[in-house]
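Inspection log for the structure reproduced underneath, given as structure tokens.
The values are calculated or read from the model by the stated rules, or taken from the named source; none is laboratory data. As the structure is a computational prediction, the values presented were derived from the model and not from experiment. Backbone-built Cβ (ideal geometry, glycine too); neighbour counts: all protein chains shown. SASA here: full protein model, heavy atoms, side chains in, ligands and nucleic acids out. Shrake-Rupley method; radii C 1.70, N 1.55, O 1.52, S 1.80 Å.
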Amino acid sequence: MLSNWIPYKLEIIDLEVRVLWLDLEDRFIAEPFFDETILENRICAKNTGRGRLVSQSDIRSLCEWASRIEASSVTVFIFHVSRCGSTLLSQCLVADQKYVVIPEAPLLDEILQMDEVLLPKGISKEQFFKAALIFLGRKRLGQEQLFIKLDSWHIHKYNLLRGWFSNTPFYFLSREPKAIIQSHEKRRGIHMIPGYLSEKANPVQVHPGHYADFSLFTADVLSSFYKGLIDVRLQQNPLDSFYDYAWGMMGLLADFDAHVGTTLSASEAALARLNRHSKYPDQVFAENEGFRTTDLYKHCVETYKVFRSGANRQDIGQGRDVMQRERI
């Protein structure tokens, strides 16, 4: 089995699922998003005359091959509410070049959202997901640990993933809604566009008002994320840890180290990466200015305050003036 090949996408034709593969060759995965890694790989393949080649398999073959692969188990799953430091955290991990970091891989989302009827007989979605992780985390270039940054909407898959990975640390990143809404007004993510994601991925009911005000949709999506975080915290799993952007990115590295066992806060490469833009490594980071001063989308702000306070989900919408604590 060629050591640099990994699955990256599903293709469904007439209810038959094909797994598409790409050859990483000896390239280190360093891009802020896995979509960019796929694009970079396609460009390289085209330049070397391999651009027309399509490598594919069925699901059963992937699962059988996975049993023969030496790979790292997942060190931690990183959950986030979008624009809250998760990309910068994954880039700090990449900076050390001793970890395999997979940031928001489309394949993993496709598996999580796929219908069970599409799976081969005798293969569960859990088996398929874990087999895909084996290939993504295979040991190459001297890397030993695997870090998975999930998509923001995967907070709604917490119970499923916690059931599959009962002994794996989960790390949750949050941020106050005003800054997130402002960021998406500048450059909107696909999950903040009404109707872009399937109903399986996004539980927010789209209505005409969302098309008139995309930021209202963003606020409703964020509210669903915060409610998800509240539900997670109520389970009090010791392998779950929470960190808010307001506590500072320098503190984030130390907190992440304490929960996961990494040494990012002592890494010169990781610390240097903190000063660069998370999505554009060649740019010096600067905070956005000009945030709205009006209290728009109060329902979203209130849900965030409930999350930060440690109150129960049932307290949302009852008009309580909940004080924020220093830590969750």
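Values as computed for the structure displayed
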{"read-out": "Debye equation applied to the C-alpha atoms of region 147-261, log10 I(q)/I(0) at 0.11, 0.14, 0.23 Å⁻¹", "value": "-0.41, -0.65, -1.39"}
{"read-out": "Dipole in debye (nearest 20) - the chain, about Cα centre, beta carbon charges: Lys, Arg +1; Asp, Glu -1", "value": "80 debye"}
{"read-out": "Area of I43 that stays accessible when all protein chains are in place (1.4 Å probe, Å², to 10)", "value": "80 Å²"}
{"read-out": "Under 26 Å from the Cα of K305 - lysines, other chains or at least 8 residues apart", "value": "K149, K157, K178, K186, K227"}
{"read-out": "From the C-alpha gyration tensor of region 10-127, square roots of 5λ in Å", "value": "25, 20, 15"}
{"read-out": "Positive dipole terminus of region 71-120, leading residue within G85, L107, P120 (C-beta point charges)", "value": "G85"}
{"read-out": "Those chymotrypsin sites (Phe, Trp or Tyr not before Pro) in region 166-255 that DSSP places in a loop and that have at most 15 other beta carbons within 10 Å", "value": "Y196"}
{"read-out": "Region 112-205, accessible surface, carbon-and-sulfur percent (1.4 angstrom probe)", "value": "49 percent"}
{"read-out": "I111 accessible area, assembled protein chains, probe 1.4 Å, Å²", "value": "0 Å²"}
{"read-out": "Relative contact order (%) - criterion: Cα under 8 Å, at least six apart; region: region 34-160", "value": "41 percent"}
{"read-out": "Helix runs (DSSP H) in the chain reaching 18 Å along axis by Cα, Kyte-Doolittle at least -0.5", "value": "34-47, 214-234"}
{"read-out": "The chain, relative contact order [Cα under 8 Å, separation at least 6], %", "value": "19 percent"}
{"read-out": "Computed over region 135-279: relative contact order in percent, which uses C-alpha pairs under 8 Å that are six or more apart", "value": "28 percent"}
{"read-out": "Counting all C-alpha pairs of the chain, share separated by more than 29 Å (%)", "value": "40 percent"}
{"read-out": "Accessible heavy-atom area order of H191, H184, highest first, probe of 1.4 Å", "value": "H191, H184"}
{"read-out": "Residue-level accessible surface for C63, protein heavy atoms, 1.4 Å, Å²", "value": "30 Å²"}
